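Can you read through this structure? Questions will come right after.
The values are calculated or read from the model by the stated rules, or taken from the named source; none is laboratory data. Bear in mind the structure is a predicted one, so any value in this text is a computation, not a measurement. Cβ: placed from backbone, ideal geometry, glycine included. Neighbour counts: every protein chain shown.
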Amino acid sequence: MVSRAVFAYYRWLGWHDPAQGAMPGIESASMLAERYRHEPERFPIEELRARAVPAWTHEEADATGAWLQSLQAEPALWIRARPGQGQLLAKQIGNCRPAGDGPAGDALRYVGRIDLHRTREFNEGRFEIQDLHSQAVGWLCAPRPGETWWDACAGEGGKTLHLADLMENRGLVWASDRAAWRLAQLKRRAARAGLFNYRARLWEGGAALPTKTRFDGVLVDAPCSNLGTWHRNPHARWTMRPEDVAELAQIQLRLLRHAVSALKPGGRLVYAVCTLTRAETTAVADGLTHECPELERLPLPAVLPSARSTPSGLWLEGAPGGGNGMFVAAWRRRASISALANEGCPPL
Ligand SMILES: C[S@@+](CC[C@H](N)C(=O)[O-])C[C@H]1O[C@@H](n2cnc3c(N)ncnc32)[C@H](O)[C@@H]1O
């Protein structure tokens, strides 16, 4: 109840005056949340545009009506069953709705009320809690058994585990992050899932890469302004600043340049961010394509109905009941780069 009230307070902050104190804000937020749950149509898009997000959002990103509506509702809970296990798992834990067919059949929206972390299936490593669109990033990477991948910003391993699973525990995934505590959590999760085809290393994002290995694929799931997760973390709407966006875009480009240097000829690079700002999405993707003639753009399939293809990359759009707002772009390092040897990515 307490966490629900606090989340509602930040979700509806634009409708009250924080100077009046927390309690009146919490009370009015709870009422607004209840009204929105029953009658969302009473909140016109223009009202959401003006109050649900800070004004700078509209300068940096194209906020769709569906995304704005998703921000005011409680977010959907998604779980990732092990490959091919979605149907069976749904039957065993109940109250699950698959996102679709094929790989999307392993992405289940959980609509029940039990604490999933306490289930036998969770403790046996039969599923992970993972946002729908984060799961789609794994499908878009499409690693093959026996390949070698690098998950450069692995964090607590949501996508590392998915890649390792899609590779059927064969080949190798290098997982790096600047935060040791996140990698420690990754190792605990991998042990629970019985996945061993990975190596975890600290990496600060500098020129000294965690390994000299050259990869079939590199995923850069980069730190970002996280607008696409504002429905899950409503307080973040009010703490992120537009100047952070510009700084993050520089970091993202730097991480990508390092990733290019770690690709085998023919290797694939996948860039993912859970944000909507143009600076961190299309501008970064177009900037890298422009800078690095050894890269060729790879078109990405529209893996879900929420996917929208553009020449710069694929949007996975946030909507009520859906996944995080995300942007994904991909490239292949050309097999022969000798003719371009003097024109590679600029030195770091
Ligand atoms: C979007 S999160 C990764 C989420 C993770 N891939 C997952 O699926 O669970 C971005 C990660 O980048 C890491 N990070 C931030 N700055 C970094 C840098 N300069 N070099 C390497 N990692 C960095 C953060 O610690 C964070 O874990």
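Please work out if ALA249 is within 14 Å of the ligand (Cβ to nearest atom) and within 17 Å of the chain's Cα centre (by Cα).
yes
Could you say which residue among ALA50, ALA66, ALA29 is in contact (Cβ under 8 Å) with a residue 12 or more places away in the chain and in contact with a helix residue (DSSP H, G or I) (Cβ under 6 Å, 6 or more places away or on another chain)?
Details: ALA50 fails: in contact with a helix residue (DSSP H, G or I) (Cβ under 6 Å, 6 or more places away or on another chain); ALA66 fails: in contact with a helix residue (DSSP H, G or I) (Cβ under 6 Å, 6 or more places away or on another chain).
Residue meeting the stated conditions: ALA29.
Moving on. Of these, LEU132, LEU108, LEU140, which one is over 15 Å from ALA193 (Cβ atoms) and away from the ligand (no atom under 16 Å from the Cβ)?
LEU108
Limited to region 284-324, what total is found for residues that are within 15 Å of the chain's Cα centre (by Cα) and in a strand (DSSP E or B)?
5
May I ask you to verify whether GLU74 is at pLDDT below 95, within 25 Å of ARG308 (Cα to Cα) and of a type in the set (Asp, Glu)?
Answer is yes for this residue.
Every residue, every condition in (1) closer than 30 Å to LEU161 by Cα; (2) crowded, with 17+ Cβ neighbours inside 10 Å; (3) not polar (S, T, N, Q), yes or no:
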site	(1), (2), (3)
ALA19	no, no, yes
ALA33	no, yes, yes
HIS38	no, no, yes
GLU41	no, no, yes
ILE45	no, no, yes
HIS58	no, no, yes
GLN92	yes, no, no
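The conditions are (1) part of a strand (DSSP E or B); (2) within 12 Å of the ligand (Cβ to nearest atom); (3) farther than 25 Å from GLY323 by Cβ, and TYR271 fails exactly one of them. Which is it?
Failing condition for TYR271: (3).
Considering only region 167-177, I want to know if a residue exists there that is within 14 Å of the ligand (Cβ to nearest atom), acidic (Asp, Glu) and either outside any helix (DSSP H, G or I) or assigned by TED's automatic domain parsing to the domain that holds LEU255 (or both).
Checked region 167-177: at least one residue is within 14 Å of the ligand (Cβ to nearest atom), acidic (Asp, Glu) and either outside any helix (DSSP H, G or I) or assigned by TED's automatic domain parsing to the domain that holds LEU255 (or both).
While we're on this one: Every residue in region 143-155 that is part of a strand (DSSP E or B) and either within 11 Å of the ligand (Cβ to nearest atom) or out of contact with any Asp or Glu (no Cβ under 7 Å at 6 or more places or on another chain) (or both), please.
Correct list: TRP150, ASP151.
Here's another thing I want to ask about it. Which of the residues that make up region 252-268 are within 11 Å of the ligand (Cβ to nearest atom), buried (at least 24 other Cβ atoms within 10 Å of the Cβ) and over 22 Å from ALA63 (Cβ atoms)?
Initially, region 252-268 is screened for residues within 11 Å of the ligand (Cβ to nearest atom), giving 252, 254-255, 258-259.
Checking which are buried (at least 24 other Cβ atoms within 10 Å of the Cβ) leaves us with 252, 259.
The one that is within 11 Å of the ligand (Cβ to nearest atom), buried (at least 24 other Cβ atoms within 10 Å of the Cβ) and over 22 Å from ALA63 (Cβ atoms): ALA259.
Suppose we keep only residues that are touching a strand residue (DSSP E or B) at 6+ places or on another chain (Cβ under 9 Å) and part of a loop (DSSP other than H, G, I, E, B) within region 64-93. Which one would you say is farthest from GLN130 (Cα to Cα)?
This residue is GLN85.
Something else: Among the residues of region 94-142, which ones are among the hydrophobic types (A, V, I, L, M, F, W, C), buried (at least 18 other Cβ atoms within 10 Å of the Cβ) and part of a loop (DSSP other than H, G, I, E, B)?
ALA99, the sole residue that qualifies.
Take residues that are in contact with a Leu (Cβ under 8 Å, 6 or more places away or on another chain) and at pLDDT 95 or above and tell me which of the helices (runs of 4 or more DSSP H) falling wholly in region 1-55 contain 2 or more.
2-11, 45-51
Now a separate question. Assess whether GLY157 counts as being over 30 Å from TYR10 (Cα atoms) and among the small types (Gly, Ala, Ser).
No; evaluated as a whole, the condition is false for this residue.
Please determine, by comparing only the residues of region 184-241 that are of a type in the set (Asp, Glu) and either within 11 Å of the ligand (Cβ to nearest atom) or part of a loop (DSSP other than H, G, I, E, B) (or both), which one is surrounded by the fewest Cβ atoms within 10 Å (Cβ to Cβ).
GLU204
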